[in-house]
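Taking it in order: structure first as structure tokens, then the write-up.
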Number of protein chains: 2
Amino acid sequence: MAQAQYAIGAEDVRAAAKRLAGVAHRTPVVRVHALDERAGAQLFLKCENLQRVGAFKFRGAYNALSQLDAGERAKGVLAFSSGNHAQGVALAARLLGIAATIVMPNDAPASKLAATRGYGAEVVQYDRYQVNREELAHELQARTGATLIPPYDDPRIMSGQGTTALELLEEVPDLDVLLVPTGGGGLLSGCTVAATALRPGIAVYGVETEAGNDWWQSWQRGERVEIGVPKTIADGMQTTSPGRLTFPIVRALAAGIVLVSDEEVTQALRLLLERGKLLAEPSGATSLAAALYGKVDLAGKKAGIVISGGNVDMSRLATLIA
Amino acid sequence: MAQAQYAIGAEDVRAAAKRLAGVAHRTPVVRVHALDERAGAQLFLKCENLQRVGAFKFRGAYNALSQLDAGERAKGVLAFSSGNHAQGVALAARLLGIAATIVMPNDAPASKLAATRGYGAEVVQYDRYQVNREELAHELQARTGATLIPPYDDPRIMSGQGTTALELLEEVPDLDVLLVPTGGGGLLSGCTVAATALRPGIAVYGVETEAGNDWWQSWQRGERVEIGVPKTIADGMQTTSPGRLTFPIVRALAAGIVLVSDEEVTQALRLLLERGKLLAEPSGATSLAAALYGKVDLAGKKAGIVISGGNVDMSRLATLIA
């Protein structure tokens, strides 16, 4: 097996798909002619903004939690996130009857706190300027014995996220290109494995914003680069380095990394809402921005566009579309 | 045939579905758990906001235009609308190579003018306080010989709109209830015919706003009632009377008409956007409002919710969600 050297292979994504069947939504693939015309291509929007918890993160979380054994389940799970991973783990835990503790900085938005508690998780807050996150994690794990669920650098998470591309390619088997938003690379690595297995020769690109260009820099250098916490509109992409497990897969099997500006992301989000009637969060619209602003040559091609999530506060949205 | 007395029957809707295959989108049916929880029911959202031109209107328009003969096609088509019917007719005409003239009041929003022209139609504007619309229609028809395409009271239009329910029931055959926004009744009558044919015993309700209660009044009286032009947030529902052809079908086969307030519509639109990541225009969210605010007893039931359109200006949306 060519992929045996990597953390996951296509068979892991297929196994994840079986675990997710009937639990995660098989999200729709939507066509919007007005966007096609602007891109000069046929765009197939894989709508993970319509996934449970409003983002692809539920896939990986459920795939990971459903593989815990009875002893692990009894001790609960633990995750660090103020974003979509928090909600993904919280809902997966509730569905599986597992206690979840989610650790969030105490300046996390009230809406995120409420949503995570709404799924039944216990939220522990900490001062991110005073407390070391890793130490807090170890302390909590030592006290409870809970299993830590990483946000991306974990084969179960990566395989789960890859089911996004598996579904898309099953529905549209002849895609030429696939554009995938990337933060830590869980979604990108899983989708790269699935897409290149189902459609050898497909060009998979990761998309990130110019300010948070850790993947782009790492791709050029051929090794993982660490950047400072990026100031970008794409709040789901504030990771500072590609994952240890996700990077090698992407570097070997994907076609490249492209960058979009915050302004391009805002325009893509607006157009998707105005013409496509779909709400994406900024991170989730980066892939569409890459297509609309010619970051990859799509002329006359069929391109899969993963809209990775749609969680944005209404007050912030009002500002973005004003 | 029990339905022989009515303008259309289920066979007409099936014939329309064949004409629309591969042309109209087979729009997705979306589940949103947060909305289910509020409604205390399983809601199946049939997303006509994701239809071409952003509303169900394309279905009826294409079904009507595709049945014109060569002589009629050569003379073009004519429609009066400043809303979604205009765009539906304009796009259907472009796809079929038919010249379209759309007559709009000269105070119609610039965005609607631009969208309709964008589909290649010629837009004729008139002063609605100075010029009689019927006379203008006759004059234009006399001059060009164009075929007038009515917005709802036409068997081809009604059958086309009914394909919405046909698709929904094919995908979710065991619905107990179906909630359908209604203006002139093209969508409601077509969906009622299709749904009751595929699922005898299903309770189909039309939904309109309290201010524009011409259907509700007509239902109570058992005959068509005319009201003044309603002042309502639902700008797609400013008809003043049920259609001559649409009303008898609905009165005979549907379960009733329910009313929602403008405030309930706004809340439903917000929730659909925030939790469902889907943009509806106010008219298009009336059905969801009826489900969320208990206008029909849905406890423990499976309810189809037709989200009929999503065309709303971004500036107006910013106000609605502020």
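Picking from residues in the range A:115-131 that are assigned to a strand (DSSP E or B) and not polar (S, T, N, Q), the one that is most open to solvent (accessible area, probe 1.4 Å) is A:Glu122.
Annotation: of all residues in the range A:198-239 being aliphatic (A, V, I, L, M) and part of a loop (DSSP other than H, G, I, E, B), the one that is surrounded by the fewest Cβ atoms within 10 Å (Cβ to Cβ) is A:Val229. Only a single item in (1) within 12 Å of chain A (Cβ to nearest Cβ); (2) among the hydrophobic types (A, V, I, L, M, F, W, C); (3) in a strand (DSSP E or B) is not met by B:Leu78, and it is number (1).
With respect to (1) assigned by TED's automatic domain parsing to the domain that holds B:Val260; (2) open to solvent by 10 Å² or more (accessible area, probe 1.4 Å); (3) among the charged types (D, E, K, R), the lone exception for B:Glu134 is condition (1). Inside the range A:255-266, can you point out the residues that are open to solvent by 10 Å² or more (accessible area, probe 1.4 Å), part of a helix (DSSP H, G or I) and more than 14 Å from chain B (Cβ to nearest Cβ)? A:Asp262, A:Glu263, A:Glu264 - these are the residues of the range A:255-266 that are open to solvent by 10 Å² or more (accessible area, probe 1.4 Å), part of a helix (DSSP H, G or I) and more than 14 Å from chain B (Cβ to nearest Cβ). If you take the residues of the range B:276-310 that are within 14 Å of chain A (Cβ to nearest Cβ) and among the hydroxyl-bearing types (Ser, Thr, Tyr), which of them is farthest from B:Val172 (Cα to Cα)? Looking at the filtered set, the residue picked out is B:Ser283.
Within the range A:52-68, the residues that satisfy the criterion of being at the interface with another protein chain (Cβ under 10 Å from one of its Cβ atoms) and open to solvent by 10 Å² or more (accessible area, probe 1.4 Å) are A:Arg52, A:Val53. For the range A:142-190, residues that are crowded, with 24+ Cβ neighbours inside 10 Å, among the hydrophobic types (A, V, I, L, M, F, W, C) and more than 15 Å from A:Ala24 (Cβ to Cβ) total 6. Just one residue in the set B:Leu273, B:Leu188, B:Leu269 is in contact (Cβ under 8 Å) with a residue 40 or more places away in the chain and more than 14 Å from chain A (Cβ to nearest Cβ); that residue is B:Leu188. The set of residues in the range B:81-114 that are at pLDDT 90 or above, crowded, with 19+ Cβ neighbours inside 10 Å and part of a helix (DSSP H, G or I) comprises B:Asn84, B:His85, B:Ala86, B:Gln87, B:Gly88, B:Val89, B:Ala90, B:Leu91, B:Ala92, B:Ala93. Which one is least open to solvent (accessible area, probe 1.4 Å), of the residues in the range B:3-37 that are among the charged types (D, E, K, R) and more than 12 Å from chain A (Cβ to nearest Cβ)? Here the residue is B:Asp12.
The values are calculated or read from the model by the stated rules, or taken from the named source; none is laboratory data. Computed from a predicted model, the values in this text were never measured in an experiment. Because the Cβ atoms are built from the backbone with ideal geometry, glycine has one as well, and the counts that use them run over all protein chains shown. Accessible surface is based on the protein model in full, side chains and every heavy atom, while ligands, DNA and RNA are left aside. Shrake-Rupley method; radii C 1.70, N 1.55, O 1.52, S 1.80 Å.
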